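Q: The structure under discussion is supplied below as structure tokens; questions concerning it will follow.
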Amino acid sequence: MDETLKVIEPLLIELSVPGRRGFKFAASDVPRAQEPDSAIRREGGVLLPQASELDTVRHFTRLASMTFGVDMGPYPLGSCTMKYNPKLNEACASLDGFTALHPLQDEDTVQGALELMYRMQESLSELVGMPCCTLAPCAGAHGEYTGLKIIRSYFHDKGQSNRNRILIPVSAHGTNPASANVNGFEVVEVASSSDGLVDMDDLRSKLDENTAALMLTNPNTLGLFETDILEISRLVHEKGGLMYYDGANFNALMGWARPGDMGFDVVHLNLHKTFSTPHGGGGPGSGPVLAKEHLRPFVPRPTVVRHKSDGRYALSWGRGRRRTKVCAFWGNFLVVVRAYAYILAMGSDGLRAASTYAVLNANYLRVSMQDIFSPAYGSLCKHEFVLGLARFREETGVSALDMAKGLIDLGFHPPTMYFPTIVHEALMFEPTESESKDTLDSLSQAMHSLCETARTDAGALHGAPVGTIIGRVDEVRAVKQPVLKYQED
Ligand SMILES: Cc1ncc(COP(=O)(O)O)c(C=O)c1O
């Protein structure tokens, strides 16, 4: 652990005083259960913190005050859609009727929860233009894994197991090739054209009878809409392949365009981005997968159905091959509750407006910085844009990393750095629809002032951030030598 942090805030275990407690259980009034066999029992005690309630509350409050979140300040982290998470969603997800449920309860006792899941499936189906939906996957990458599993099962069922290649643009998010890989597919890279879109000639040359699917996000990770999307879908389908839509960028299109209409066959959405549920730090997310009718038999079960006869809701398990399961029980239910609250609060016009303002804000910010930096590709963007600072670095010695760290000192969360990898010294800004014009103006001013500092006093930025509790960390060492568990000395 970093020595500085250790001094500023010890771990809870280090605050421990033997015997100190925050809670006292009442004496048990039920017979003691039989203990498990000694062969499977731990030897010795467990190292757990022993602290009073006040010590614990203060410890976490101090930690919370050292971190930065959406509720603290602007968070233009590209590709992550760090929009505001309305507190109404939290209030809904905290209702006893949702939190006190057990996933194995009798269906008659959880009709409300099932109805919510059913309505969520229907809403998402309408938004993406695909009729089949599973809410089970617990993150975007998990949705990708599930969607590609559906594609794999589809071809296996058709006797086309030779289709073992997934085509993925070089600009794609790293989880795309990773998900293809864990599904046993071979990953084939598709080049980007000079305008940052799919290189059509390269795509044509790589499509063949072994292609299972093209995996694409639209707008792509450069924030650019793939204008050839209908032709791309036609080409892939002509070769017998399927179209996979990485819906992590759906915040740009919601209510305006549907992946189903663009020719995609299967899609995952990130509820923890587009639909305003909290994320970050590996917290629980939700990555529902939707598919067109021909893929229905391969969509993981259970899904929720409504019986026409009496209007009751039930879990539908399907038969035989349909029983694929991708997570415990029915996914991260309370994340779905939050997202459903958001959909209801916004309404269809509100969702469409959210995308409109997300795109407007990104373009406003882009234009307000164009006298210092212009996007690496294209001009008009969708919900995000990517600056390439390679020349700026040559001129000033100040890197994209220095600029990002400098922003922290000025009260902003940094944009995404060094992604997509096809842009050198990349900074990717996604302001989202949540931010006001005033905030966008201050972000632009902050970038202008950092630019000025870079030209007059570059050294000042190499050590940024200086106003935080932890200064510049050694990011390479953190990746190469991660210390993921408590070490006593
Ligand atoms: C374009 C894109 N695809 C997929 C993902 C993966 O989503 P998750 O982080 O929920 O696994 C992300 C996450 O940032 C993304 O930006």
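Q: What are the residue pairs meeting all of these: first residue in the range 133-151, first residue farther than 16 Å from Ile168 by Cα and outside the structural domain of Leu114 (by TED's automatic domain parsing), second residue part of a helix (DSSP H, G or I) and more than 8 Å from the ligand (Cβ to nearest atom), Cβ atoms under 6 Å, and 6 or more apart or on different chains?
A: Listed pairs, sorted by first residue: none to list.
Q: Also, I was wondering about something else. Of the residues Ala400, Ala354, which is of a type outside the set (S, T, N, Q) and either surrounded by fewer than 20 Cβ atoms within 10 Å (Cβ to Cβ) or under 30 Å from Cys92 (Cα atoms) (or both)?
A: Details: Ala400 fails: either surrounded by fewer than 20 Cβ atoms within 10 Å (Cβ to Cβ) or under 30 Å from Cys92 (Cα atoms) (or both).
Going through Ala400, Ala354 in turn, just one is of a type outside the set (S, T, N, Q) and either surrounded by fewer than 20 Cβ atoms within 10 Å (Cβ to Cβ) or under 30 Å from Cys92 (Cα atoms) (or both): Ala354.
Q: In addition: Are any residues in the range 134-149 under 12 Å from Gly285 (Cβ atoms), more than 7 Å from the ligand (Cβ to nearest atom) and outside any loop (DSSP other than H, G, I, E, B), and if so, which ones?
A: Listed by number, the list holds a single entry, Gly143.
Q: Condition first: within 24 Å of Ile13 (Cα to Cα) and not in a loop (DSSP other than H, G, I, E, B). Now tell me which residues in the range 452-489 satisfy that.
A: Ala478
Q: Could you name every one of the helices (runs of 4 or more DSSP H) located completely within the range 1-112 that has at least 1 residues being farther than 30 Å from Ala136 by Cα and either touching a residue at least 60 places away in the same chain (Cβ under 8 Å) or assigned by TED's automatic domain parsing to the domain that holds Thr274 (or both)?
A: It comes to 3-8, 53-66.
Q: Follow-up question, since we're still on this one. Cβ-Cβ under 7 Å, sequence separation 6+ or interchain: first residue in the range 275-289 and closer than 22 Å to Ala358 by Cβ, partner at pLDDT below 90 and within 12 Å of the ligand (Cβ to nearest atom). Which pairs?
A: Gly285/His279
Q: Here's a follow-up. Taking the condition closer than 28 Å to Pro169 by Cβ, of a type outside the set (A, V, I, L, M), assigned by TED's automatic domain parsing to the domain that holds Ser368 and crowded, with 16+ Cβ neighbours inside 10 Å, does Phe419 pass? Before the answer, list the steps.
A: Working: closer than 28 Å to Pro169 by Cβ: yes; of a type outside the set (A, V, I, L, M): yes; assigned by TED's automatic domain parsing to the domain that holds Ser368: yes; crowded, with 16+ Cβ neighbours inside 10 Å: yes.
It is true that Phe419 is closer than 28 Å to Pro169 by Cβ, of a type outside the set (A, V, I, L, M), assigned by TED's automatic domain parsing to the domain that holds Ser368 and crowded, with 16+ Cβ neighbours inside 10 Å.
Q: Counting only residues that are hydroxyl-bearing (Ser, Thr, Tyr) and loosely packed, with under 14 Cβ neighbours inside 10 Å, which one in the range 55-80 is farthest from Thr439 (Cα to Cα)?
A: Thr61
Q: Only residues in the range 241-268 that are in a helix (DSSP H, G or I) count as the first member; pair them with residues that are within 16 Å of the ligand (Cβ to nearest atom) and among the acidic types (Asp, Glu), Cβ under 8 angstrom, at least 6 apart or cross-chain, and list the lot.
A: As it stands, the answer is Ala252/Glu384, since those pairs meet every condition given.
Q: Out of all the residues in the range 379-419, which are of a type in the set (S, T, N, Q) and under 22 Å from the mean Cα position of the chain (by Cα)? Quick ask: steps written out before the conclusion?
A: We begin by selecting, within the range 379-419, every residue of a type in the set (S, T, N, Q); these are 379, 396, 399, 416.
The answer is Thr416, and nothing else.
One line per residue, one yes/no per condition, for (1) outside the structural domain of Tyr418 (by TED's automatic domain parsing); (2) surrounded by 10 or more Cβ atoms within 10 Å (Cβ to Cβ); (3) without any contact (Cβ under 8 Å) to a residue 24 or more places away in the chain:
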| residue | (1), (2), (3) |
| --- | --- |
| Gln445 | no, yes, yes |
| His448 | no, yes, no |
| Thr453 | no, yes, no |
| Thr456 | no, no, yes |
| Leu461 | no, yes, no |
| Gly467 | no, yes, no |
| Ile470 | no, yes, no |
| Val473 | no, yes, no |
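Q: Within the range 379-397, restricting attention to residues that are surrounded by fewer than 19 Cβ atoms within 10 Å (Cβ to Cβ) and part of a loop (DSSP other than H, G, I, E, B), which residue is modelled with the highest pLDDT?
A: Filtering first and then ranking leaves Gly397.
Q: Only one residue in Phe98, Phe60, Phe68 is touching a helix residue (DSSP H, G or I) at 6+ places or on another chain (Cβ under 6 Å) and away from the ligand (no atom under 16 Å from the Cβ). Which one?
A: Details: Phe60 fails: touching a helix residue (DSSP H, G or I) at 6+ places or on another chain (Cβ under 6 Å); Phe68 fails: touching a helix residue (DSSP H, G or I) at 6+ places or on another chain (Cβ under 6 Å).
The conditions single out Phe98.
Yes/no matrix, rows are residues, columns are (1) loosely packed, with under 15 Cβ neighbours inside 10 Å; (2) touching a Phe, Trp or Tyr at 6+ places or on another chain (Cβ under 6 Å); (3) in the same structural domain as Glu425 (by TED's automatic domain parsing); (4) hydroxyl-bearing (Ser, Thr, Tyr):
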residue	(1), (2), (3), (4)
Leu271	no, no, no, no
Pro278	no, no, no, no
Gly285	no, no, no, no
Pro288	no, no, no, no
Val299	no, no, no, no
Gly318	no, no, no, no
Phe329	yes, no, no, no
Phe333	no, no, no, no
Asp371	yes, no, yes, no
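Q: How about the range 223-260: which of its residues are more than 16 Å from the ligand (Cβ to nearest atom), among the polar types (S, T, N, Q) and surrounded by 18 or more Cβ atoms within 10 Å (Cβ to Cβ)?
A: Ser233
The values are calculated or read from the model by the stated rules, or taken from the named source; none is laboratory data. Predicted model only: the values in this text are computed from it and were never measured. FYI the Cβ positions are ideal-geometry reconstructions off the backbone, even for glycines, and counts take in every protein chain you see.
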